[in-house]
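Read the structure below first, then the notes.
Rule-based calculations on the coordinates, nothing more; no lab input. Keep in mind that this is a model prediction, so the values were computed, not measured. Please note: Cβ atoms are built from the backbone with ideal geometry, for glycine as well, and neighbour counts cover all protein chains shown.
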Amino acid sequence: MSKPRGTVAMVIMFTLSVIWLFPLLWAVINSFREYAYTQAHGYLSFGGWTFDNYRQAWEQGQFGLHFKNSLIITAPAVLLTLFLASTVAFVLARFTFKFNLALLGFFLAANMLPPQALLIPVFRMFREVHLPLWMSDSGTLLNSFWALILVNVAFQLGFCAFVLSNYMKTIPREIYESAEIDGAGVWRQYWQLTLPLVRPALAALAVLEVTWIYNEFFWATVLVSRGDKFPITSALNNLRGQFFTDTNLVAAGSVMVALPVLIVFFVLQKQFVSGLTLGATKG
């Protein structure tokens, strides 16, 4: 690319970045401002700085409880999704059989339907599934963490299996043939050979799955009706007033809600980029 074209491209990318980041940056700025000041001087003014919005949002929104709920839901759902998806992908990539593509299509089917279309069937099914009280104090899957874990695993399994199967197909078959000669069984080939080789893909999917499951809002409002079971995204409703909403308070709460996902992304950033670019130069 010539120097004039490179300069134009940089200007365009910088402009698009500013447009993309402006709402987020403005929300962060207003999260440190008093609501009374912005009402008197407008949101385009500067001043009225305070840290009280974060303290008030944490207490009023009961963020400590709801952060714990999100952790209870997100961590098992992500781990279970990646484990099941990797086993399915291993079978699809390692073995050739008649219904190979049909099986992959079956797992992808959950991603083809909008969640709203399955709302009533899933709700009724979960209402009829009874659990012992030590697993769910409601006696059913409804109003339990199990419901949100299972529904997230079901909807994310197909996508993860599709991505991982494509990564696993790039592994040379000679590696498995050598492993078989050394006496490695199917489980050992999966656990000690395949998983280490697809670690970048697993890290990339882990970042995506944490983001999607942690930010999931629809099923939490459908399958859970008790306030003490809501994840952190649903807890933002606690910051709304009866007659008006303090938007600066909501901005502070939104910033706190977004922080865990940002931390996960920056911690796994290297693996995430490596997973996305794996095989980009292959062939």
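If amide H atoms are built 1.01 Å from N in the plane of the peptide, which residues on other chains or at least 5 residues away come under 5 Å of the amide H of residue 33?
Close amide H contacts, sequence-distant or interchain: 50.
Check the straight Cα-Cα distances from residue 98 and name the lysines below 27 Å, setting aside those fewer than 8 residues away within the same chain.
The reachable lysines, counting only those whose Cα sits under 27 Å from residue 98, are 169.
What FRET efficiency comes out for residue 46 versus residue 135 if R0 is 51 angstrom and r is the Cβ-Cβ distance? Round to the nearest 0.05.
E(calc), rounded to 0.05, equals 0.45.
Tilt of helix 63-94 relative to the longest C-alpha principal axis of the chain, in degrees (0 to 90, nearest 10)?
20
Arranged by the count of other C-beta atoms within 10 angstrom, fewest first, what order do 149, 263, 171 take?
Fewest to most other Cβ atoms nearby, the residues stand as 263, 171, 149.
Sort 74, 233, 170 by Cβ crowding within 10 Å, fewest neighbours at the top. Numbers along the way, then the final one.
Working: 74 26, 233 18, 170 14.
Starting with the residue having the fewest Cβ neighbours, the order is 170, 233, 74.
HN-Hα J couplings of segment 181-189 from phi, Karplus 6.51/-1.76/1.60, θ = phi - 60°, integer Hz, Gly and Pro as x?
For segment 181-189, the Karplus-derived couplings read 5, 7, x, 6, x, 5, 5, 5, 5 Hz, x marking Gly and Pro.
Quick one: length gained pulling residue 24 to residue 5 fully straight, 0.36 nm per residue minus the C-alpha distance?
That works out to 3.9 nm of additional length.
Using the crude model of +1 on Lys and Arg Cβ and -1 on Asp and Glu Cβ, and no other charge, please compute the dipole size for the chain relative to its Cα centre, in debye to 20.
Computed about the Cα centre, the dipole is about 580 debye.
Against the longest principal axis of the chain, how steep is helix 100-112, in degrees 0 to 90 to the nearest 10, with axes from Cα atoms?
So the inclination is approximately 10 degrees.
Report, in degrees rounded to the nearest 10, the 0 to 90 angle that the Cα long axis of helix 247-267 makes with the longest principal axis of the chain.
For helix 247-267, the angle is close to 30 degrees.
Give the separation of the Cα centroids, segment 130-153 to segment 28-95, in Å.
So the separation of the two Cα centres works out to 23 Å.
Of the listed values [x] 46, 19, 18; [y] 29, 23, 17; [z] 40, 30, 16, grab the one calculated as semi-axes √(5λ) of the Cα gyration tensor in Å from the structure here.
[z]
Using a basic spin-label model with each label point 7 Å from the Cα along Cα→Cβ, how many nm lie between residue 180 and residue 113?
3.8
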